[in-house]
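Asker: Submitted below is the structure of interest, expressed as structure tokens.
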Amino acid sequence: MRIVKSSNVVKGFLESGKYSDIVDFPCIEKSLRRCRKDKISTESLRLRLVRVDLPSGEAEVLVTSLTDQQAYPTSLFANLYHQRWGVEEDYKVLKNRLNIENYSSVSVEGILQDLHAKLLTKNLAASAIHDAKQKIKKPKNNRLYEYKINFTFAINQLKDNVVRFIMKLAEFELYELLISKISKNLSVIRPDRKFFRQDRRNKTNKYPMNYKRMC
């Protein structure tokens, strides 16, 4: 995982100029109180720090429990961390598109109903996209970029019809119509696109408008 550079351990690692090092993370005072309360060990954690130089010139620091530097050479970690992107995008769909943290109930049963309903909606959208891919027509002209189906649009089309399909209140023609609409709403794929990472810790708007919720 990526780690912030504010701790003294990480600052010392960056100042050393090393690209990989095994370091001990001591238990800070705040964590000490929590660990003692929960009867958890307060011993230091021995972890590995890996430095990755970004194209912008900024140094990114990753932390890992893979401390064997022979079995896991430093050169592996930049690409390994990049492979987390698909997982992070899935979390973005759950948190920002489906607004999964915004429950409509305070009971355990109600929260589980919300959770499973939104997960079902996401899975149905993924299934619909799988069917819609079969209907995409190859462009006659040569496009500069590849295109993919817009997941947000698919969720938007299904969110008001999930109950109809589950209760068998809709005809198959409705599903065909939705699949046809989903297959025509495409988003461009821009490879190797990079953005400046903003610090969002001080932002008060948890659900920004550029990530509109779908449910």
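Read the figures in this text as sums done on the coordinates, not as results from a lab. Every value quoted in this text rests on a predicted model; they were computed, and no experiment measured them. All Cβ positions, glycine included, derive from the backbone under ideal geometry; neighbour counts span all protein chains shown.
Asker: Before anything else, pin down the relative contact order of the range 8-83: Cα pairs under 8 Å, at least 6 apart, normalised by residue count, whole percent.
Answerer: With pairs under 8 Å counted, the relative contact order is 27 percent.
Asker: Among 77, 13, 172, determine the one that fluctuates most according to a GNM of the chain built with springs between C-alpha atoms less than 10 Å apart.
Answerer: Among 77, 13, 172, the largest GNM mean-square fluctuation belongs to 172.
Asker: Then there is this: Taking 22 Å as R0, compute the FRET efficiency from the Cβ-Cβ separation of residue 79 and residue 190 and round it to 0.05.
Answerer: Efficiency for this residue pair is about 0.70.
Asker: Using +1 at the Cβ of each Lys and Arg and -1 at the Cβ of each Asp and Glu in the range 8-83, identify which of 55, 71, 23 lies farthest towards the dipole's positive end.
Answerer: 23
Asker: What share of all Cα pairs of the range 8-83, in percent, falls into each consecutive 5 Å distance bin?
Answerer: Percent of pairs per bin, in order: 3, 14, 22, 19, 16, 12, 9, 4, 1.
Asker: Then there is this: In which sequence would 182, 28, 149 go, from the one with the fewest C-beta neighbours within 10 Å to the one with the most?
Answerer: Values: 182 26, 28 9, 149 20.
Ascending number of Cβ neighbours within 10 Å: 28, 149, 182.
Asker: How big is the charge dipole of the range 8-83 about its Cα centre, in debye rounded to the nearest 20, if each Lys and Arg gets +1 on its Cβ and each Asp and Glu gets -1 on its Cβ?
Answerer: Around 500 debye, computed over the range 8-83.
Asker: A follow-up question, please. Can you compute the charge dipole magnitude of the chain about its Cα centre, using +1 on each Lys and Arg Cβ and -1 on each Asp and Glu Cβ, nothing else charged? Give it in debye, rounded to the nearest 20.
Answerer: 600
Asker: Distance between the C-alpha centers of the range 13-61 and the range 70-148? Whole Å please.
Answerer: Result: 30 Å between the Cα centres.
Asker: Let me check against my output: what whole-number percent is the relative contact order of the range 1-147, with C-alpha pairs under 8 Å and at least 6 apart?
Answerer: Answer for the range 1-147 is 16 percent.
Asker: Pick the calculated Cα extents along the principal axes in Å for this structure from (1) 49, 45, 31; (2) 64, 53, 36; (3) 78, 60, 30?
Answerer: Of the listed options (1) 49, 45, 31; (2) 64, 53, 36; (3) 78, 60, 30, (2) comes from this structure.
Asker: Now for a different question. Would you please give the FRET efficiency between residue 14 and residue 34, computed as 1/(1 + (r/R0)^6) with r the Cβ-Cβ distance and R0 = 35 Å, to the nearest 0.05? If you can, show how the numbers build up before the last one.
Answerer: Values: r = 28 Å, r/R0 = 0.79.
Once the sixth-power term is evaluated, E becomes 0.80.
Asker: Sum -39500 (n - 2.57) across every DSSP H segment of at least 4 residues in the chain, then divide by the residue count to get the 222 nm mean residue ellipticity, nearest 500.
Answerer: On the way: 8 runs with 85 residues, N = 215.
Taken over the chain, the calculation gives -12000 deg cm²/dmol.
Asker: Further question on the same structure: Could you give the nm distance between label points at residue 135 and residue 87, where each point is 7 Å from its Cα heading toward the beta carbon?
Answerer: The answer from the label model is 3.4 nm.
Asker: Say the cut-off is 29 Å between C-alpha atoms; which of 118/184; 92/135; 95/181; 5/92; 95/137 go over it?
Answerer: Distance filter (> 29 Å) returns 95/137.
Asker: Hey, another quick one. Taking the alpha-carbon distance from residue 148 and a cut-off under 12 Å, which aspartates and glutamates remain once sequence neighbours fewer than 8 residues away in the same chain are dropped?
Answerer: Leaving aside aspartates and glutamates fewer than 8 places away in the same chain, none come within reach of residue 148.
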